[in-house]
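Remarks on the structure that follows.
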Amino acid sequence: MSNKNIKHFLLGVCSCVCLVTSFIACSDDDSDQPLNFYSSVRLTAAGFIEADNARFSDFKAILERSNYFSMLKTYGHFTVFAPTNEAVQLYLKENGFATVADIPREQCDTISRTHIVQDKAYFTTDMGGEVAPVNMNDDYIEMTSDSDVYHNNALLVYVNKNSRLIQKDDSVTNGVVHVIDHMISSSSQFLPSLMEENPKLSLFCQALRLTGMADSLTRYIDETYTVDPDSAVGGKGFKVPYGTGNDGSASKQCQTWYPDHRYFKFTAFVETDSVYRAHGINNLEDLKRYAKQVYDESYPEDAGKYDEDFRDRRNPLNRFVSYHLINRIGPRDYWVHCKGPIYEQKFIVNVADPEEYFETMAPHTLIRFCSNPGEEVYINRKGLRSNFTVRGVRVLKSEENDSYAQSCSNGMYHYIDDILVYSSDVRMNVLNRRLRIDGSCLSPDFMNARARIYYMGKSEQMIGFKYGYLTDFKMNNANTFIGCGNEQTGWRHYEGSGVCITGEKFDASVKLPPVPHDGTYEIRLGYSLGDDRGIAQVYLNNEPCGIPISFRNFDSNIGWEPDTNDEEENKAIDKAMRNRGFMKAMDSYGGTEPFRGYNNDVRRILVKKFLSANQENWLRFRQILSGSTLYMSIDYIEICPKDVYDSPQGEDRH
């Protein structure tokens, strides 16, 4: 199959508005529901399958052996990819089974979960949004399209590149059914094995094995993690109270769930062998020499010391490979907002590119993603839109990919169009900037539990994280609760999401992303003020950052005043706020009215401190007020070098 005109099968918040009439079929009151999307049969997903025994009897048998057929009879929101009998028979032949009865029950369970998306009804008209569906195995579903050159360029739609939709968008009372001509593969392999199946990645895979980093990509599920099913995603969940701020009494509650599993997942951004050849790298020895040249310059203190110990994290090849790896999973569009309602409605792209920062698996290294108009995603680019001084490395779009599977049970990989390195130029030039990190990016568990960018499409929801099961955060007492809020275009939060910390005398710490080079930095917290917030003492590496900080409207004394038509007066207001330890929010986000125009959206300068690039830094927030419903939010954190905040021209407001 050709992969021209391929698009992710994604759903953004805005598409929900367009599909209200399609989704009425999933409402509690279905008395006035529309009939089938193309026909006029009022059926559940199970009824749709059962009504056409000639086509779906084998798939029905698989669902019944795994007890998922009864689930598809119930009220809910499901997307079902229903393989025909011919598709199931082909699967049986390829896997050495005579009949469906020969498939082990556990395998039937996996097959069923692979073909069902829960909590959403995805129509093909949803293509082009921002959120990739996830099946009941917690694996991403990718929908791609192509033109049928033999039939007047009719649209062909594929699931995970190999299963063609031969009948699509059948609306049922509890969701939507798509009919497919091949079973969707359910890969149980891990990321290194998946990449090794692709002959285009032979050189990178050799280096992955030699450095031992392949072994670091074989974790999958935390067997020590347990959760009450009623409190987990798919259950009833629980309420997190928050209050008025005056007496600590709860006035509101936020619907919350724990992840039903805790996963360890990974993403690799990889060059093909052809990219290496374009740089004169034809074998592993060439790649070793290239890595040594780059990383001896970037880390001169380690030059020549670890060249033959490829598993040492300071070895040049080890650093090279590790910098391509991130310990969380995400489709291309999860790393930075490059489309969807947040991009379209909130980012003011004429002053700043949407951006995001993550720590990679190379110790103490940082990677920057940004998007310029046109849905492109770049890594370590410097400039605005097409006016750049450092081009960076581009992450290929779906339509530029091939037929090789790129996702598996514990990760996925993306092609990049040039060699990715953490060079001295990247460290000292590209990343010598204000680093603004959204709260939802501060832990890999947020992304692996899908709390970043999307959570079940429900408004004002939150995923909570159990005590001791949140990477890069510490809950310093058992009363502390941490959750990550559902992305909402209506919330005044950067990127539509935020981290909530609450509980009686909550005490939480968060690990900061590394700085790219030694120097003096301002560490800032972006947040919104509110009367239901608390007052917390903040520490950096257990050293107090001044006096306790109030997150409340009525006693913050920030000195905020609205902008005027006089730019000199605006500068004076900004300077007066900085003297109090505050800054207005950015002018590059917020839509029609940027965040800078709101008096309860602020940045607090927590501390100015010399930070080392190989140092681990922790911020700690300890609530000093009584009241179990008072809370604080981490909307975003900024780490700004002195070169920027104290530059002669002054720091921009973006």
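The values are calculated or read from the model by the stated rules, or taken from the named source; none is laboratory data. Values in this document were obtained by computation on a predicted structure and should not be read as measured data. Quick reminder, even Gly has a Cβ in these numbers, built from the backbone with ideal geometry, and neighbours come from all protein chains shown. These accessible areas exclude ligands, DNA and RNA; they are computed on the full protein's heavy atoms, side chains included. Shrake-Rupley method; radii C 1.70, N 1.55, O 1.52, S 1.80 Å.
Quick notes on this structure:
- Those residues of region 112-132 which are at pLDDT 80 or above and closer than 19 Å to GLN406 by Cα, in sequence order: THR114, HIS115
- Strands (runs of 3 or more DSSP E) fully within region 569-644 counting 2 or more residues that are out of contact with any Lys or Arg (no Cβ under 6 Å at 6 or more places or on another chain), basic (Lys, Arg) and crowded, with 18+ Cβ neighbours inside 10 Å: 618-623
- Residue within region 608-618 that is within 15 Å of PHE551 (Cβ to Cβ) and touching a Gly at 6+ places or on another chain (Cβ under 8 Å) present: no
- Test: residue in region 98-109 that is open to solvent by 20 Å² or more (accessible area, probe 1.4 Å) and within 20 Å of VAL179 (Cβ to Cβ): no
- Contact map, region 271-283: residues that are within 18 Å of GLU400 (Cβ to Cβ) paired with residues that are surrounded by 13 or more Cβ atoms within 10 Å (Cβ to Cβ) and among the small types (Gly, Ala, Ser), Cβ distance under 7 Å, separation 6+ or inter-chain. Pairs shown: ASP273/SER202.
- Filtered by the rule that a residue be hydrophobic (A, V, I, L, M, F, W, C), in contact with a strand residue (DSSP E or B) (Cβ under 8 Å, 6 or more places away or on another chain) and under 27 Å from LEU470 (Cα atoms), region 289-339 gives LEU325, ILE326, ILE329, TRP335, VAL336.
- Among the residues of region 538-550, those identified as out of contact with any Leu (no Cβ under 7 Å at 6 or more places or on another chain) and within 26 Å of GLY496 (Cα to Cα) are ILE549, SER550.
- Matching residues in region 74-92 - criterion: being open to solvent by 50 Å² or more (accessible area, probe 1.4 Å) and under 31 Å from the mean Cα position of the chain (by Cα): THR74, TYR75, HIS77
- Region 445-465: number of residues that are at pLDDT 65 or above and within 11 Å of the chain's Cα centre (by Cα): 9
- Some residue of region 513-527 being touching a Ser or Thr at 6+ places or on another chain (Cβ under 6 Å) and surrounded by fewer than 18 Cβ atoms within 10 Å (Cβ to Cβ): yes
Per-residue answers, yes or no, for (1) surrounded by 17 or more Cβ atoms within 10 Å (Cβ to Cβ); (2) out of contact with any Ser or Thr (no Cβ under 7 Å at 6 or more places or on another chain); (3) part of a loop (DSSP other than H, G, I, E, B); (4) at pLDDT below 90:
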site	(1), (2), (3), (4)
ASN5	no, no, yes, yes
ASP29	no, yes, yes, yes
LEU72	yes, no, no, no
GLU94	no, yes, no, yes
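- The sole residue among MET412, MET428, MET462, MET447 that is touching a residue at least 40 places away in the same chain (Cβ under 8 Å), in a strand (DSSP E or B) and over 23 Å from PHE506 (Cα atoms) is MET412.
- Residue match in region 239-255 (condition: modelled with pLDDT under 95 and within 14 Å of LYS466 (Cβ to Cβ)): yes
- Being part of a loop (DSSP other than H, G, I, E, B) and touching a Phe, Trp or Tyr at 6+ places or on another chain (Cβ under 8 Å) is a property that does not hold for ASP563.
- Every condition in (1) charged (D, E, K, R); (2) touching a residue at least 12 places away in the same chain (Cβ under 8 Å); (3) out of contact with any Pro (no Cβ under 9 Å at 6 or more places or on another chain); (4) open to solvent by 10 Å² or more (accessible area, probe 1.4 Å) is met by GLU356 except one, and the failing one is (4).
- Of all residues in region 433-447 being under 27 Å from TYR645 (Cα atoms) and of a type in the set (D, E, K, R), the one that is surrounded by the most Cβ atoms within 10 Å (Cβ to Cβ): ASP438
- Checked against (1) crowded, with 19+ Cβ neighbours inside 10 Å; (2) closer than 30 Å to TYR295 by Cα, ALA508 meets all criteria but (2).
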